[in-house]
Amino acid sequence: MAQEIINWILTYLLRILLAWGTFWVGRFLARYVRDMVQRLVAQPHVEQVLSPTLARLCVDLVYFGLFGAAIALSLIVLGVPVNYVLALSSVVFILAALALNQSLSNVAATVIFFAFQPFRRGEIIETMGKTGAVQEIQLFNTILFSPDQRIVSLANSEIQSGGVVNHTRNGIVRNEITFTLSYQANLERVRQIILGLIAQDQRILADPPPNIAVLELADRGVRLAVYCMSTQPDGWPISVELREKIKNSFDTEGIAFARQEVHIDANPTISNAASIPLDSERKQ
């Protein structure tokens, strides 16, 4: 009897030692693989695709996945039946799936974004009525940095359903400036001035050539649009500086912008006032 107890104790001590060793070896491998994944995601070509949030998420998933596998294997070595370990793992996965049930569509959209890459970090896109540079693609949301210095967070599933306009994938952007001139302005002279200003700016591309178009003959005046192409980083500075140059040049040339004029007749005629029926006359 005493020998059986001793054998039983030795057997379980051996299992505990093996389970403890399995746990520490698994933990060491999890850390080693985590460090490898960290070095992988830190490479420039991978960092350009993955956002910092997703890079950390990938590292954490690898680490905790291997760490969980080490714990499960340690329990099996300790003597816990495999069916119990698998059942416990299934419960954990089910609880995680239920917790993420409302966000699975966003996760699916994120996977599609990284698989087909309709936009990348740093590119300027337009979606859901918002325009800005892609700052980060997270697991559930995409973060945009708008021209007015605001941070915009949009759900990935809504971006996928709403569609995306990528303004910088080809490496160039179209700069558009619109304004309204008086009908007395000489359009040919206006074109000469604007094209001369564009030719002086080396950042503006000659191909495709700039274009000046009449958009509308409005009540106030002639509405014009100036289109010119540039590389993506120069787009915003060019638009701002070109507006100022056009304004100063038009002031020098005496070219007037359209203005809203309101005329008030201070002495209305009695005949006009008499033509308006009184309330008593209307009732009759």
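The values are calculated or read from the model by the stated rules, or taken from the named source; none is laboratory data. It should be emphasised that the depicted structure is a prediction, and the values quoted were computed from it without experimental measurement. Every residue, glycine as well, gets a Cβ built from its backbone with ideal geometry; the counts of neighbours run over all protein chains shown.
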| Considering residues of the stretch 165-183 that are crowded, with 18+ Cβ neighbours inside 10 Å and aliphatic (A, V, I, L, M) only, the residue farthest from residue 234 (Cα to Cα) | 181
| said: Yes or no: the stretch 225-242 includes at least one residue that is in contact with a Phe, Trp or Tyr (Cβ under 7 Å, 6 or more places away or on another chain) and in a strand (DSSP E or B). | reply: no
| note | Of the residues in the stretch 158-172, those that are under 26 Å from residue 208 (Cα atoms) and polar (S, T, N, Q) come to 166, 168, 170
| task | Confirm whether residue 200 is touching a residue at least 24 places away in the same chain (Cβ under 8 Å) and not assigned by TED's automatic domain parsing to the domain that holds residue 134. | result | no
| So which of 151, 143, 159 ends up being touching an Asp or Glu at 6+ places or on another chain (Cβ under 6 Å) and at negative phi? | 143
| Flag if residue 131 is in a strand (DSSP E or B) and closer than 30 Å to residue 194 by Cα | yes
